[in-house]
1. Among [x] 5, 22, 26, 20, 14, 7, 4, 1, 0, 0; [y] 6, 26, 35, 25, 8, 1; [z] 5, 19, 22, 21, 19, 11, 2, 0, find the value of P(r) over Cα pairs in 10 Å bins from 0, in percent that was calculated from the structure presented, and write down its label.
2. What do you reckon, how do His24, His198, His81 stack up by accessible area (1.4 Å probe), largest on top?
3. Per-residue ellipticity at 222 nm for the chain, helices alone: DSSP H runs ≥ 4 residues times -39500 (n - 2.57), over residue total, nearest 500 deg cm²/dmol?
4. Quick one: angle between helix 280-289 and the longest Cα principal axis of the chain, in degrees between 0 and 90, rounded to 10, please.
5. Which entries of Lys112/Lys161; Lys225/Lys289; Lys45/Lys113 have Cα-Cα distances beyond 30 Å here?
6. Can you tell me the orientation of helix 232-242 relative to the chain, as the angle in degrees between its alpha-carbon axis and the longest Cα principal axis, to the nearest 10?
7. Using the basic label-point model (7 angstrom from Cα toward the beta carbon), what is the Leu123 to Thr154 distance in nanometres?
8. Taking Lys91 as the anchor, which lysines have their alpha carbon closer than 30 Å to its alpha carbon, excluding any fewer than eight residues away along the same chain?
Amino acid sequence: RDELFGPAFAGSTFVSEPVHNMIHREIMTPRGVTFTSRRAPDEQKSEFLASSDNWFRPTSIQTGPEGALWVADMYRAVIEHPEWIPRDWQKRLDLRAGQDKGRIYRVYPVGKKPRRIPRLDRLDTAGLIAALDSPNGWQRDTAQQVLVWRKDATAVPALEKMTSDCQRPLGRLHALCTLDGLNALTPALLRRALADPHPGIRRHAIRLCARHLAKSPELGAELVKRVGDADPQVRMQLAYTLGEWGDARAGAALGQLALRDAGDRYLTAAVMSSVNRQNLDRVLVTVMKGGEKAPPPAALVESCLLYTSDAADDLTRV
């Protein structure tokens, strides 16, 4: 959650392996609504961090406020829970050996200098808003948290400007979510965010629309336009949010999403999670009409019919 390690580490995730005295690194790559991962090119036969000291027990990893990777080393002779150690072995081992020890490592690249750690609690409103554009995730999160705690209405104009003018997508996202935390999001801001060039902003804008749909139905019309969004995660969030809209158009849009992504079980499940008594008929009609040149996939029809059967049973019980 920082840029200190350079672009080669973008998308990297670190996994602590305290039993094996090491930290493993994987580079994540989006694959539809899920992910795949691989070892880094220079770690095909090695690990990001490994120790020959078998008491090295890295149990927690976080990106620090200065961009370094902070590693908490519990440092114990025995890391397994006694429940999984035979009783005769428990008598031979000092299960608490190392309880008075422990280390915190701060890892950062050779030749790089970690940035200064700011005191965000001492910043004024303008300083906190500027921190929302930090390359560091901890700083962005904390600045947003403090702004919401302060409930400072004077921050709203600058935050509104930042939702469109900030070059860093994460900065725009934090500004949008801070406005939500201050109960200052407007339909106009949400409509603009729905058209953001970055899919992550569009996805969260759709999420934030949910509680505004009842009073601002025009947002629903904008949501329907996103059925054809090229990003699968945007469409998945849309499938979730449409379930919160009581308009008949929500059912038709859900049916269109179901048809478009009929081969994706996760997106299909997302659509089905939003089907309810208000929109079921529209979903069914849209699905049964199928595409322009082909009938609806049999598996999708089966899912819809199963849901219809379950809904009918619920109505009977009521």
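The values are calculated or read from the model by the stated rules, or taken from the named source; none is laboratory data. Given the structure is predicted, the values throughout are model-derived calculations rather than measurements. Here the Cβ is made from the backbone with ideal geometry for all residues, glycine too, and neighbour counts use every protein chain on show. Only protein heavy atoms, including side chains, enter the accessible area calculation; ligands, DNA and RNA are left aside. Shrake-Rupley method; radii C 1.70, N 1.55, O 1.52, S 1.80 Å.
1. [z]
2. Details: His24 30, His198 80, His81 110 Å².
My answer, sorted largest first, is His81, His198, His24.
3. Details: 13 runs with 139 residues, N = 318.
Taken over the chain, the calculation gives -13000 deg cm²/dmol.
4. That helix lies at roughly 80 degrees to the long axis.
5. Lys112/Lys161
6. Once rounded, one gets 60 degrees.
7. Computed distance between label sites Leu123 and Thr154 equals 1.7 nm.
8. Here the lysines satisfying the reach criterion relative to Lys91 are Lys101.
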